Amino acid sequence: MNEIRETRGALSGAGRRFGIVASRFNSRIGDLLVAGAVDCLRRHGVEPGDIHLVSVPGAWEIPQALEELAVAGKVDGLVAIGVVIRGETPHFDYICAQASRGIASVAERHRLPVGFGLLTCDSSEQAAERAGGKAGNKGWEAALAALEMADLFARLRDGAGR
Ligand code: INI
C-alpha cells in the first residue's frame with residue numbers, strides 16, 4: 001500500500017514505427033544527425049521498413065510535416081531534426097521559436113512522442129560539436145527519447161497509468 005509505483009519506458013523499438021522529419025538546411029550537419037537517429041533506432045530493434053524519413057526544406061517546415069505524419073496515424077513516435085544557425089538578423093529567433101513551439105504542439109495535440117533533435121546554435125562549429133563531435137549526437141539522443149517515450153506511452157495506456 002505504501003509502495004511508490006514507478007513507470008519507465010524501455011529502450012526497445014521492436015515492432016514500432018517511427019517517422020523522422022529532417023530539414024535540408026545546413027544539411028552537411030543535418031545528415032550526421034539523421035544518420036545518428038537512424039543508427040539509434042536500428043540498434044534498438046526498429047526495422048528499416050518501419051522508419052519513414054521525410055525531408056523538408058528548412059526548420060520552419062518541420063512542424064508542418066510532423067503534423068501530416070501525426071494525422072496519418074501510422075507511427076508510434078516522431079523525431080524532428082534540423083540545424084538553425086544564428087545569422088546577422090532576428091530571422092534565427094523567429095525560426096527557432098516557431099519550429100520549437102510547433103514541434104511541441106504536434107506532440108501535445110496528437111499525444112505522440114516527438115524527439116527534439118533541432119540544433120539552435122551560434123555557429124556551425126557549435127552545431128558540428130553536437131552532430132557527432134564532443135557534445136555527442138543530438139539526432140541519436142532525440143531518437144532515443146522518442147523510443148523511450150513510445151514505450152512509456154504504451155505502458156501508460158496499457159493500464160500502468162491508472
Ligand atoms: N532553416 C533552417 O533549417 N536553418 C537555418 O539556419 C535557416 N536560416 O538560417 O535561415 C533556415 N531558414 C529557412 C526556413 O526554415 C524556411 O525553410 C524558409 O524560410 C522557407 O519557408
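Whether any residue in the stretch 146-162 is closer than 18 Å to Ala22 by Cβ, among the hydrophobic types (A, V, I, L, M, F, W, C) and open to solvent by 30 Å² or more (accessible area, probe 1.4 Å) is what I want to check.
No, there is no match, as no residue in the stretch 146-162 is closer than 18 Å to Ala22 by Cβ, among the hydrophobic types (A, V, I, L, M, F, W, C) and open to solvent by 30 Å² or more (accessible area, probe 1.4 Å).
What pairs come up if the first residue lies in the stretch 49-69 and is open to solvent by 50 Å² or more (accessible area, probe 1.4 Å), the second is more than 14 Å from the ligand (Cβ to nearest atom), and their beta carbons are under 6 Å apart, counting only those six or more places apart or on different chains?
Taking only residues 6 or more apart or on different chains, the pairs are His52/Gly19; Leu53/Ile20.
Tally up the residues in the stretch 35-48 that are in a helix (DSSP H, G or I) and touching a residue at least 12 places away in the same chain (Cβ under 8 Å), please.
7
Spot the failing condition for Ala131; the list is (1) aliphatic (A, V, I, L, M); (2) within 20 Å of Ala14 (Cβ to Cβ); (3) buried (at least 22 other Cβ atoms within 10 Å of the Cβ), and only one is missed.
That leaves (2) as the condition not met.
Please give the strands (runs of 3 or more DSSP E) falling wholly within the stretch 49-156 in which 2 or more residues are under 15 Å from the mean Cα position of the chain (by Cα).
51-56, 77-85, 114-121
Tell me, which residue of the stretch 115-130 that is in contact (Cβ under 8 Å) with a residue 60 or more places away in the chain, of a type in the set (A, V, I, L, M, F, W, C) and over 17 Å from Val56 (Cα atoms) is farthest from the ligand (Cβ to nearest atom)?
Ranking the candidates gives Ala128 first.
Would you please name the residue that is modelled with the lowest pLDDT, looking only at residues in the stretch 81-114 that are within 16 Å of the ligand (Cβ to nearest atom), open to solvent by 20 Å² or more (accessible area, probe 1.4 Å) and β-branched (Val, Ile, Thr)?
Thr89
The values are calculated or read from the model by the stated rules, or taken from the named source; none is laboratory data. Treat the numbers as computed from the prediction; the structure is a model and nothing was measured. Cβ coordinates were reconstructed from backbone atoms using ideal geometry, including for glycine residues, and neighbour counts include every protein chain displayed. Just the protein is used for accessible areas: all its heavy atoms, side chains included, with ligands, DNA and RNA removed. Shrake-Rupley method; radii C 1.70, N 1.55, O 1.52, S 1.80 Å.
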